[in-house]
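Take a look at the structure set out below.
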Amino acid sequence: YVSLQHVILDLYFRQKNIKTISISSLGLKKIGIIPNSYNDEKCNFVKQLDKLNNNEIIINNDEDAKKLMDETLSEIKKNKIKLKKINLMFFLKGFNYILKRFKRSNLIKKNVQTSDSASLFTNSRNLINETIYIKKINKFNFDKLDNLDNFVYLPLQSQPEQTVDSYAPLFNNQIETSRQIAMNLPKDLYLVVKDHPNMFGKRSPTYLEKIQRSPNVKLIDYKVSNYEILKKTRLMIGFSGSTFLEAALLNIPSILLGNIGTIKRLPNVHCHTDMSSISSKIIQILENDIEEKSQKKLLNYFKCGIANGMDVENYWNLWSLQGGNFDKFYKELLKEIN
């Protein structure tokens, strides 16, 4: 459900009592889910997790869940962000991408271009722009994390994509959202923003400049890991994404601007969409102690993921034509449908 069209279709079929299914992330490397709604609110994982949190069922995989939690936290700490470099491999991948998309666009009868069926001219222009943007951004004067303290963290998301356009459509102008949050922060807090590494070279340097020029905003380099920022932040605000799971593992409170069934069920996550009252909400969160049941809820999230999740790595291998097991994927789909 990555765009408005998918959301509309989901709502339409829901009225007709016809189930839709898709693939979504839990923030875990190898475990995903098969949701029946655009905002991941309806699916077997959510049903079972609610029952587990309400002590209505028992899942006996505590040791496996604790091991997966430790492995996930270890990966977060060791994560090194690798950004694209302008070299021969960069251009070879770019030309290969253009060739594949050009072949695909000739197979699709279309009235408008999409990212999956853009013209030869559009894809060639994008590669040239990306090359120019990367060279300029490499000289960009980002704010230094070592010099920052007492802040709220906002990680930006890839766009156009499900993570903002479907999950948090009221906040899909990420520049304006960051400005509004920064204007409404309480006391002496300020906002630290980091763009998504996948958008490196995709957004123009002027996009970054607009964010950095906003009052009460500091812009961090792409290369800085979420772990290093979360260690210092007082609170995280986000649209969606795996950073919420990272914050939960590090016992950091967070505010969710979207309405995502899986993320809402993580501990220390507070759903809030009213900018006019976000200041009082932040004060309330920071003044209260971390929820006592947070570790149990987090463990249940992992337990339920192992018991009711699907092999998302297998799915991505199939999707990218890099192997994968179709029979396993079909069994997972049938299990969810049934």
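Details
- Listed by position, the helices (runs of 4 or more DSSP H) contained in the stretch 78-188 that have at least 2 residues being at pLDDT 85 or above, farther than 24 Å from VAL224 by Cα and of a type outside the set (S, T, N, Q) are 88-105, 120-137.
- Verdict on LEU286 being farther than 24 Å from THR20 by Cβ and open to solvent by less than 30 Å² (accessible area, probe 1.4 Å): no
- Looking across the stretch 199-215 at every residue that is over 19 Å from ILE81 (Cα atoms) and part of a loop (DSSP other than H, G, I, E, B), the one that is least open to solvent (accessible area, probe 1.4 Å) is identified as SER214.
- Residue check for LYS47: outside any loop (DSSP other than H, G, I, E, B), under 25 Å from the mean Cα position of the chain (by Cα) and modelled with pLDDT of 90 or more: yes
- Scanning the stretch 8-24 for residues that are open to solvent by less than 70 Å² (accessible area, probe 1.4 Å) and under 22 Å from the mean Cα position of the chain (by Cα) gives ASP10, THR20, ILE21, SER22, ILE23, SER24.
- Answer residue from the stretch 36-52, given it is surrounded by fewer than 20 Cβ atoms within 10 Å (Cβ to Cβ) and of a type in the set (Asp, Glu) and is nearest to TYR167 (Cα to Cα) among those: GLU41
- Qualifying residue in the stretch 170-178 (condition: without any contact (Cβ under 8 Å) to a residue 24 or more places away in the chain, open to solvent by 50 Å² or more (accessible area, probe 1.4 Å) and under 15 Å from ASP143 (Cα atoms)): no
The values are calculated or read from the model by the stated rules, or taken from the named source; none is laboratory data. Small disclaimer: the values here were computed from a predicted structure and weren't measured. Positions of Cβ are generated from backbone atoms using ideal geometry, with glycine treated the same way; all protein chains shown enter the neighbour counts. When the accessible area is computed, the model is the full protein with side chains, heavy atoms only, and any ligands, DNA or RNA have been set aside. Shrake-Rupley method; radii C 1.70, N 1.55, O 1.52, S 1.80 Å.
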